[in-house]
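Read through the structure below, which is laid out as structure tokens, and then see the notes.
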Amino acid sequence: MNNTNNKVAFMTLGCKVNTYDSEAMMELFESAGYTIVDFSEVADVYVINTCTVTHLGDQKSRKMMRKAKRINPEAIICAVGCYVQVAPAEVEKIAEVDLMIGTKNRGDILSYITAHRNDVSQRDFVSNIMDEKVFEPLMISEVKGKTRAFIKIQEGCNQFCTYCIVPFARGPVRSRNQQQIIDEVNRVVAMGYQEVILSGIHIASYGIDQEDIGKTDLIDLIETLDKIEELKRIRLGSMEPKFITPQRLKRLAALNSFCPHFHLSLQSGSDTVLKRMGRRYTTAEYMEIVNQIREVFPLAAITTDIMVGFPGETVAEFAETLDFARAVGFYQIHVFKYSRRSGTKAAHFPDQIDESLKNSRSHELSELSRELEAAFLKKNDDSVVEVLFEATHDDAGYSGHTKNYLPVILKTEEEISGRIIPVRVSYISRYADKLVGESI
């Protein structure tokens, strides 16, 4: 079929990995002659890249499927991703959906669309992700961002925490071939990007599945990428805390491009809750890791995820989480409420927490997060830092980020989009979530 003048619209829900996957699929459509349009416009094909981390993700995914069909009843509605993978029978019942693809073989989406057009009864292309052993060659040749590029280095997770549906949605760990990663980073650097963010479902596991072809871990990969000329910054996505060791920190400190921003997933500051969650560390171990980081990177930004309302979470356990968060002194906390996921162990745990209590705890922890954020920004007051400025600016000036990912605004008449510039930063209370830069 000649796809020239055909239009496709994407709706991407959930994490940065989903965003990467969507952009890779967009390239496939563009190569086939499709024009990418906004999701609110009339299109011939709508792709909803779904999320299932929480029940709200499921709900929004369903809403977007139905919305697409309302915009154009004649369009092919293609549901892909995590929600489709873990609940295909549920998605099958959604009349508006024409085509279902899970988290495998998304690179074949155009073939599946053709197959569906030839046989409208064929709509389910969901396969068993748990048996998958190879990284799907879904990649991006043209980055659509501004100043930093996300690079997907692995897929899947082997942790199976009691609350988490992700291993069932994404399958086991599959690491991307190192040369493919190097090639993609070289491409984005050639396009003018100076910063890359290494992302995946569980990036600390990078390389554990590649022993038969010469094992390479995450630090080995970073050291290799650091040798690429013109690549000024390498930033990491969410990390498993116990991956961090003094030896690995020493190796990272030797790299000019490494950004000292560590997103260490905590989930709870209570040891008893951590044990019920199936997390593989204690709060004492986590704090020791934080201390090791700060010995090497004194102003490292340490961010985290914390869940409230896990089954059985008592008043005392939640208080432990608040106290621990204060003791760590996080820069930012991503607060989210426990969501009961069918197929996980925690879904069957007793003492499920009432939604109103989850809401109040979420609010309290979010307030603490804002306090900690301001405190960390103050710690950086009057320091000289390098800022990578974004491609856009507003009346407040240009905005950018330091290596430890603190937002900075700078008022200047000079064109500084996409440049890394040293500035002196100040904490000014009226800018509660950013620093103000001054040219030096």
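Give the shape of region 190-281 as rounded, prolate or oblate, defined through the alpha-carbon gyration tensor: a ≥ b ≥ c are the square roots of its eigenvalues, a/c under 1.5 means rounded, and otherwise the shape is prolate if a/b is larger than b/c and oblate if not. Before the final figure, lay out the partial values.
Values: a/c = 2.19, a/b = 1.69, b/c = 1.30.
The shape class here is prolate.
For every helix of n ≥ 4 consecutive DSSP H residues, a contribution of -39,500 (n - 2.57) applies; sum these over the chain, divide by its total residues, and give [θ] at 222 nm rounded to the nearest 500 deg cm²/dmol. Walk me through the intermediate numbers first.
On the way: 13 runs with 147 residues, N = 440.
Computed mean residue ellipticity for the chain: -10000 deg cm²/dmol.
Just need the relative contact order of region 74-122 here, percent rounded to a whole number, with Cα pairs under 8 Å and 6+ apart.
Details: 47 pairs, mean separation 17.9, N = 49.
Contact order relative to length: 37 percent.
May I ask you to derive the relative contact order of region 147-249, considering only C-alpha pairs under 8 Å and at least 6 residues apart, and to give it as an integer percent? If you can, show how the numbers build up before the last one.
Working: 156 pairs, mean separation 31.5, N = 103.
Contact order relative to length: 31 percent.
Would you please classify the overall shape of region 1-158 from the alpha carbon gyration tensor, given that a ≥ b ≥ c denote the square roots of the eigenvalues, rounded means a/c under 1.5, and beyond that prolate means a/b larger than b/c while oblate covers the rest?
Details: a/c = 1.33, a/b = 1.09, b/c = 1.23.
It is rounded, given that a/c, with a ≥ b ≥ c, falls under 1.5.
Any idea of His202's accessible area? Nearest 10 Å², probe 1.4 Å.
About 20 Å², ignoring ligands and nucleic acids.
Pairs Lys67/Lys411; Lys16/Lys67; Lys67/Lys242: which are spaced more than 31 Å apart, C-alpha to C-alpha? Walk me through the intermediate numbers first.
Numbers: Lys67/Lys411 42 Å; Lys16/Lys67 23 Å; Lys67/Lys242 43 Å.
Beyond 31 Å between Cα atoms: Lys67/Lys411; Lys67/Lys242.
Please work out how much accessible surface Arg62 shows to a 1.4 Å probe, ignoring ligands, DNA and RNA, in Å² rounded to 10.
That residue has around 60 Å² of solvent-accessible surface.
Going by a ≥ b ≥ c, the root eigenvalues of the Cα gyration tensor, does region 253-401 fall in the rounded group (a/c under 1.5), the prolate group (a/b larger than b/c) or the oblate group? Can you show the working numbers first?
Numbers: a/c = 2.23, a/b = 1.72, b/c = 1.30.
Prolate.
Whole number in Å², please: accessible area per residue of the chain, 1.4 Å probe, ligands, DNA and RNA not counted. Spell out each step's value before the answer.
On the way: 19210 Å² over 440 residues.
Here the per-residue accessible area is 44 Å².
Run the 1.4 Å probe and let me know the accessible area of Ser141, rounded to the nearest 10 Å².
Here the accessible area works out near 60 Å².
Show me the chymotrypsin sites (Phe, Trp or Tyr not before Pro) within region 160-264 that DSSP assigns to loop and that have at most 13 other Cβ atoms within 10 Å of their Cβ.
On the way: sites: Phe160, Tyr163, Phe168, Tyr193, Tyr206, Phe243, Phe258, Phe262; in loops: Phe160, Tyr163, Tyr193, Tyr206.
Here the chymotrypsin sites (Phe, Trp or Tyr not before Pro) that fit, given the DSSP loop and packing criteria, are Phe160.
Report the trypsin sites (Lys or Arg not before Pro) located in region 121-191 that are in a DSSP loop and have at most 10 other Cβ atoms inside 10 Å of their Cβ, or state none. Don't skip to the end; give the middle numbers.
Details: sites: Arg123, Lys133, Lys144, Lys146, Arg148, Lys152, Arg170, Arg174, Arg176, Arg187; in loops: Arg123, Lys133, Lys144, Lys146, Arg176.
Answer in residue order: Lys133.
For Lys227, list the aspartates and glutamates whose Cα falls under 16 Å from its own Cα; do not include residues on the same chain fewer than 8 positions away.
Qualifying aspartates and glutamates at Cα under 16 Å: Asp183, Glu184, Glu195.
Tell me the Kirkwood hydrodynamic radius of the chain in angstroms, computed as one over the mean inverse distance between distinct C-alpha pairs. Please report the intermediate quantities before stating the final value.
Values: mean 1/r = 0.0429 Å⁻¹.
Evaluated on the chain, it is 23.3 Å.
If you plug each phi of region 215-220 into the Karplus form 6.51 cos²θ - 1.76 cosθ + 1.60 with θ = phi - 60°, what whole-Hz ³J(HN,Hα) values come out, in order, with x for Gly and Pro?
Calculated HN-Hα couplings, in order: 5, 10, 9, 4, 5, 4 Hz.
State, as an integer percentage, the relative contact order of region 317-440 based on alpha-carbon contacts under 8 Å between residues 6 or more apart.
Numbers: 178 pairs, mean separation 26.8, N = 124.
Taking the mean separation of contacting Cα pairs over the length of region 317-440, I get 22 percent.
Can you send over the carbon and sulfur percentage of the accessible area for the chain, probe radius 1.4 Å, protein chains only? Mind dumping the intermediate values first?
Working: 9600 of 19210 Å².
For the chain, the apolar C and S fraction of the accessible surface comes to 50 percent.
The values are calculated or read from the model by the stated rules, or taken from the named source; none is laboratory data. In this text the structure is predicted, and so the values were computed from the model without any measurement. Neighbour counts are summed over all protein chains in view; Cβ atoms, including those assigned to glycine, are modelled from backbone coordinates with ideal geometry. Quick note on the areas: whole protein, heavy atoms, side chains included, nothing else; ligands and nucleic acids left out. Shrake-Rupley method; radii C 1.70, N 1.55, O 1.52, S 1.80 Å.
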